[in-house]
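Step one of this worksheet: look at the structure below.
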């Protein structure tokens, strides 16, 4: 682990595609894909070690980062497999009780701590839910601490995973750790049509890729005028209609409505801005 030779901080992937930095106070020789046990809120969680973290990406305040307790033993792995089966039972039971109580909420997932000291039920809802009666029923049934955690549509898709419109695994489930704000301005910078069906992901929100692609577009587009700028090519005039940073082309729509593509390298050589 060259970028982090002391093994003091490890990035770990947990159930539900959640990823977090964890301290390694015992400096265990952890390698990517190792199964490890981490101290969690009121319990223990099992996770999978990810590739090393660069020292440049470490937080300044390490006090809130959970600690790695040990590498997973065969007993831990067997216990975890049993928990996955118990989670299915808990999910079905909770769905039944939600229906009986008439609560306007959708159960998404269940997470049973490795030591079974707590069960977390993840759900989505349009408004705040009074689930006190539900929690009583769950606590009576499972004899452990119950936590109800409301999540967003984006978080729901991250936990359940799936395939995006691009045909690849959802970015949120694959590598995005935190959901940064996404606005339609990021879509406009890519000169995409504001068609909700085209610019929305499977969660119904703006696609996450617009956020992490932003820096690349910003870096390239700062060297060119804004869309709609008046341009001159030889003896013809038109407007800047599109810049394709991947094909490295610039598209000009002339006043006679004809369209022509040029290499980006032609800008300021064959193409000039007149307005």
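A few comments on the model shown:
- In the elastic network of the chain, a GNM with C-alpha springs shorter than 10 Å, the most mobile of 122, 210, 227 is 227.
- Paramagnetic reach from residue 8 (point 7 Å along Cα→Cβ, amide N under 12 Å) across the stretch 16-33: 23-27
- Overall form of the stretch 77-151 per C-alpha gyration tensor (a/c, 1.5; a/b vs b/c): prolate
- The simple spin-label model puts a point 7 Å past each Cα toward its Cβ; for residue 28 and residue 194 those points are separated by 5.1 nm.
- Taking 4 °C and 1.567 mPa s as conditions, the stretch 234-275 diffuses translationally at an estimated 124 µm²/s according to Stokes-Einstein applied to its Kirkwood radius (Cα pairs).
- C-alpha long axis of helix 74-101 to longest principal axis of the chain, angle in °: 80 degrees
- Using all pairs of distinct alpha-carbon atoms, the Kirkwood hydrodynamic radius of the chain works out to 22.7 angstrom.
- Top of 178, 34, 235 by mean-square fluctuation, Gaussian network on the chain, Cα under 10 Å: 235
- Residue 269-residue 53 FRET efficiency (beta carbon distance; Förster radius 41 Å; 0.05 resolution): 0.40
- Whole-percent pair-distance distribution, where bins are 5 Å wide, for the alpha carbons of the stretch 104-192: 3, 11, 16, 17, 18, 13, 9, 6, 3, 2, 1, 0
- Cα-projected label distance for residue 215 with residue 88, points at 7 Å along beta-carbon direction, nm: 4.1 nm
- Subtracting the Cα-Cα distance of residue 79 and residue 226 from their residue separation scaled by 0.36 nm leaves 47.1 nm.
- Residues of the stretch 81-109 with amide N under 15 Å of the 7 Å Cα→Cβ point at residue 124: 104-109
- The GNM of the chain, with springs linking C-alpha atoms under 10 angstrom apart, assigns the highest mean-square fluctuation among 118, 106, 158 to 106.
- Principal-axis analysis of the Cα atoms of the chain puts helix 132-142 at an angle of about 60° to the longest axis.
Quick note: the coordinates plus some simple rules give every number you see, no bench work behind them. What you see is a predicted model, and the numbers here were worked out from it, not measured in a lab. Note that each Cβ is placed from the backbone with ideal geometry, even for glycine, and that neighbours are counted across all protein chains shown.
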